[in-house]
1. It is to be established whether one or more residues within the stretch 208-222 are surrounded by fewer than 18 Cβ atoms within 10 Å (Cβ to Cβ), in contact (Cβ under 8 Å) with a residue 40 or more places away in the chain and basic (Lys, Arg).
2. From 276, 294, which residue is more than 26 Å from residue 141 (Cβ to Cβ) and part of a helix (DSSP H, G or I)?
3. Do we have any residue at all in the stretch 232-248 that's modelled with pLDDT under 90 and either buried (at least 18 other Cβ atoms within 10 Å of the Cβ) or at positive phi (or both)?
4. Under the condition of being of a type in the set (Val, Ile, Thr) and within 15 Å of residue 393 (Cβ to Cβ), which residue from the stretch 414-437 is surrounded by the most Cβ atoms within 10 Å (Cβ to Cβ)?
5. Which one of these is touching a residue at least 24 places away in the same chain (Cβ under 8 Å) and in contact with a Phe, Trp or Tyr (Cβ under 6 Å, 6 or more places away or on another chain): 237, 280, 327?
6. How do the pairs read when you match residues in the stretch 109-120 that are surrounded by 11 or more Cβ atoms within 10 Å (Cβ to Cβ) with residues anywhere that are of a type in the set (Val, Ile, Thr), using Cβ under 9 Å and keeping only pairs 6 or more apart or on different chains?
7. Among the numbered criteria (1) of a type in the set (A, V, I, L, M, F, W, C); (2) over 14 Å from residue 392 (Cα atoms); (3) surrounded by 12 or more Cβ atoms within 10 Å (Cβ to Cβ), which single criterion is violated by residue 464?
8. In the stretch 45-86, which residues are among the charged types (D, E, K, R), modelled with pLDDT of 65 or more and outside any loop (DSSP other than H, G, I, E, B)?
Amino acid sequence: MAKQTPADALASIEEAVRRYPDGASAQEVLRSLAGPIPLRTLQYRLKSLVDRKRLVMDGEGRWARYRISPGAAAIPPAEVAARPEAEPPAIPLSEAGASIRDYVQRALEARKPVGYDRKFLDRYRPNDSFYLTEEDRAHLAAIGRSQIAEQPAGTYAMQILNRLLIDLAWNSSRLEGNTYSLLDTKRLIELGEEAEGRAHLEAQMILNHKDAIEFLVSAADEIGFNRYTILNLHALLANNLLADPTAAGRLRYIAVGIERSAFHPLEVPQLVEETFDQILATAAAIIDPFEQAFFVMVQLPYLQPFDDGNKRVSRLAANIPLIKRNLSPLSFADVPRATYMEAVLGVYELNKIDLLKDVFIWAYERSAARYAAVRQSLGEPDPFRLRYREQFRELIADLVRARVSRRDAAARIAAWSTREISQDDRQRFGEIVEAELTSLHEGNFARYRIRPSEFAAWRQVWEAK
């Protein structure tokens, strides 16, 4: 049952906003209220009032300002109370996780300033040390199995790619403060349409996630915990979002700070690089895919190896072992942003992983249930397509890069099939290739390892009359 917000609480927030004709920040609203409430609670109530069209939100994240909706008159408290306030799902916390949350919720001046502690990484020994217990790992393996584990790497993620692109791009961006809705994200990814009233950087962030996810899935047999993968992953996620464009895909050599945190990251560039390589080597040596995934979610953001985007890199990097092993991916569906941020702060300031582990396990349970349902709705994969998976990818990529027109496609497909495909399978193989070419669009061409520029050039020829 949806939680009912006290009528006077919402009415007092509206009254506070009315005192700022040009709009009020959350902090200004907080200072204007008669009694203290947690900032997180205020943010949910502000969102509730925006959803009910009582308030208008301008901007996003910490720059958001709220103003009274045009024509919105004061409403009786009884009517306000009758409208349920949407609350995020509550993640069950362990005792240790709750203790971490309580600490990082203290005022900043009440928390001890700390720097990067290399010993936190040095103490970890792959396959001897574990962040996840044996019971945790067994549980995650049981719910994450896709029933196609013997197929080539990335098969499962490819089957659910359209859904994964939207889910993971939206949720990971949302955890960064992006205000796009799920429907806005779907429209942007599938149709290229930006949402009205939203900053261009929000669309860029989501499209960068799309490119990064497609990179991981299309190159599933090549990616790993190595410089090639992680640096390119950052380059894709940071594209057109950094003050210094050359910092995309490059380890940082400047000092960075963490907002609202007592943690001061490592500053010496040589040590950043050395520690980054140690993290990758350690992660690559871990056998269990879930331990690998969680390890990078802990250690990569803690190091802050890039100028910005470190948490984004860690969330997508956590999916590398899951994609490669054909396990259910982790899309962070329904994870409350505040809880996630508190969990990350617990790693930064205390070197304690319990709260982040609570978040990780809860999020994976929800993701696995979601994709099990998606997988069931898709039915069994076509054995023919699986058998000729590499041939389909090779030929379609060649046709696109060669900018083959509709008129010439059939002959090129037939000639290639005669050389590479057994006689009994040529006709069906050719029919599938023709169907795939016809259905190629900007949301699915990455599965064939085609670059955007190659797709755009081919599309002009393909659509020409």
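1. no
2. 276
3. For the stretch 232-248, residues modelled with pLDDT under 90 and either buried (at least 18 other Cβ atoms within 10 Å of the Cβ) or at positive phi (or both): absent.
4. 433
5. The conditions single out 280.
6. Hits for this filter: 111/104; 116/275; 118/275; 120/298; 120/347.
7. (3)
8. Across the stretch 45-86, the qualifying residues are 45, 47, 51, 58, 62, 65, 67.
The values are calculated or read from the model by the stated rules, or taken from the named source; none is laboratory data. This one's a predicted model, so the numbers in the text were calculated from it and none came from an experiment. Using ideal geometry, Cβ is built from the backbone for each residue, glycine included, and neighbour counts are taken over all protein chains shown.
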